[in-house]
Amino acid sequence: MLFTNANLFVPWVGFVPGGFTVEDGRFREVFFEEREGGTDLKGAKVLPGLVDAHTHGAMGADFSDGDPAGLERMARYLAKNGVTSFAPTSMTLPYETLSAAFATAVKLREERPRDCARVAGIHMEGPFFSEKKKGAQNGAYLRLPDYEAFRALYEGCGGLLRIVDLAPELAGAVDFTRKASKLCTVSVAHTDADYEQTRAVYEAGATHLTHLFNAMPSIHHRKPGVIGAASERESVTAELICDGLHVHPSSVRMAFMLFPGRICLISDSLRCCGMPDGEYELGGQQVFLSGGVARLADGTIAGAASNLYQDLRNAVAFGVPQEEAVLSATLIPARELGRESEIGAIAPGRWADFLVCGEDLSLQTVYMGGEAL
């Protein structure tokens with residue numbers, strides 16, 4: 001299949017006129033000259049399909065339910081909304097519950113229906129967290145870092161687990177990081193750690209920071225803490241929620257300056273994403289969605305109710321250049337999941353998952369494997 005007259009997103013460059021061919025569901029050739037024939041995209045902006053490295057649920061489904069039908073429903077919603085690859089993200093729960101959920105991700109990756117987003121990995125958010133900064137995580141299931149338990153989960157899903165989170169101040173965090181980082185990305189999350197404690201796990205091999213600014217100490221000029229330790233290391237990529245609720249627009253702009261070329265936009269969406277206001281469940285706790293804001297009964301902001309495509313457009317509306325925002329929702333999360341050779345860019349050999357968009361990034365058509373959904 002030939003696609004011509006597109007305005008292609010090229011990582012680290014921007015939008016460039018060109019086109020591409022698709023064969024067996026993958027990009028075969030990408031070119032930057034005029035050609036005729038094939039499908040004329042009429043000068044539309046064409047992005048790689050978005051990659052959400054941190055999403056718990058949507059359309060009433062939560063990954064941690066361990067329900068294959070629910071995960072498929074979630075994946076179908078994501079694809080329809082321009083998120084063509086994702087890492088279903090677990091909560092702080094018993095290991096046996098996590099194992100059951102992980103099995104559903106393996107099944108969907110192997111059997112993916114054509115209109116479902118691809119499972120690019122699993123993000124294990126918890127249970128190795130601080131009680132003080134647990135946020136919407138269930139404190140009853142918090143545990144100290146346990147490499148053997150992690151390794152069993154990792155092997156049980158055939159290595160599909162691509163990101164594991166932990167709080168650096170917990171006993172054993174450095175040793176856990178040293179071992180786990182040889183298998184997947186290790187991320188700092190839900191932590192009250194100081195600068196030195198955080199620096200120690202980054203030196204041990206951690207390279208990621210989960211939802212920057214949320215569930216961690218604020219930066220202080222005499223106590224740089226987690227944010228200071230992460231921002232000064234070029235190997236560390238920081239997640240950012242751009243729903244307009246978790247992080248103020250000014251702080252969104254600040255994040256892109258603190259982590260130049262190292263922001264990974266995420267949704268952190270819950271089962272209430274795509275659903276009406278009402279009462280929902282998260283990790284065994286009640287969540288109340290009202291006016292687009294999801295909170296626990298005590299008022300704590302839980303995850304988000306928006307999808308990554310909405311967040312991408314929010315980031316641009318907040319003042320982030322389109323090119324930076326798109327990179328942060330495509331190639332950067334693909335890299336954090338170790339899938340940059342498969343997804344995240346319009347380049348030969350990658351899956352031909354792409355989005356045809358208006359000048360303002362309004363979504364027009366989603367393609368997966370070169371076929372329109």
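Quick look at the values:
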item: Options ARG35, ARG26; residue that is modelled with pLDDT under 95 and either over 16 Å from MET368 (Cα atoms) or not assigned by TED's automatic domain parsing to the domain that holds ALA305 (or both); result: ARG35
item: Count - residues of the range 210-235 that are assigned to a loop (DSSP other than H, G, I, E, B), without any contact (Cβ under 8 Å) to a residue 40 or more places away in the chain and small (Gly, Ala, Ser); result: 2
item: Residue match in the range 61-81 (condition: in a strand (DSSP E or B) and of a type in the set (Asp, Glu)); result: yes
item: Subset of the range 265-286 (residues that are more than 17 Å from ALA215 (Cα to Cα) and surrounded by 23 or more Cβ atoms within 10 Å (Cβ to Cβ)); result: ARG271, CYS272, CYS273
item: All positions within the range 235-257 that are surrounded by fewer than 18 Cβ atoms within 10 Å (Cβ to Cβ) and more than 14 Å from ALA294 (Cα to Cα); result: SER235, HIS248, PRO249, SER250, SER251, ARG253, MET254, MET257
item: Counted residues, the range 16-53 - those being under 13 Å from VAL356 (Cβ atoms) and surrounded by 13 or more Cβ atoms within 10 Å (Cβ to Cβ); result: 11
item: Odd one out for PRO348 among (1) in contact with a Phe, Trp or Tyr (Cβ under 6 Å, 6 or more places away or on another chain); (2) buried (at least 24 other Cβ atoms within 10 Å of the Cβ); result: (2)
item: Listing of strands (runs of 3 or more DSSP E) fully contained in the range 259-342 that carry 1 or more residues being touching a helix residue (DSSP H, G or I) at 6+ places or on another chain (Cβ under 8 Å) and among the small types (Gly, Ala, Ser); result: none
item: Qualifying residue in the range 81-94 (condition: surrounded by fewer than 18 Cβ atoms within 10 Å (Cβ to Cβ) and out of contact with any Gly (no Cβ under 8 Å at 6 or more places or on another chain)); result: yes
item: Which numbered condition GLU234 misses (of (1) under 19 Å from the mean Cα position of the chain (by Cα); (2) farther than 18 Å from LYS132 by Cβ; (3) among the charged types (D, E, K, R)); result: (1)
item: Lone qualifier among ASP277, ASP268, ASP298 - being assigned by TED's automatic domain parsing to the domain that holds LEU98 and at positive phi; result: ASP268
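Okay, residues lined up against (1) out of contact with any Phe, Trp or Tyr (no Cβ under 9 Å at 6 or more places or on another chain); (2) at positive phi:
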residue: TYR202; (1), (2): yes, no
residue: HIS208; (1), (2): yes, no
residue: HIS220; (1), (2): yes, no
residue: VAL226; (1), (2): no, no
residue: LEU240; (1), (2): no, no
residue: ARG253; (1), (2): no, no
residue: PHE256; (1), (2): yes, no
residue: GLY261; (1), (2): no, yes
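The values are calculated or read from the model by the stated rules, or taken from the named source; none is laboratory data. Here the structure is a predicted model, which is why all the values come from computation and not from measurement. Neighbour counts run over all protein chains shown; Cβ positions are idealised from the backbone, glycine included.
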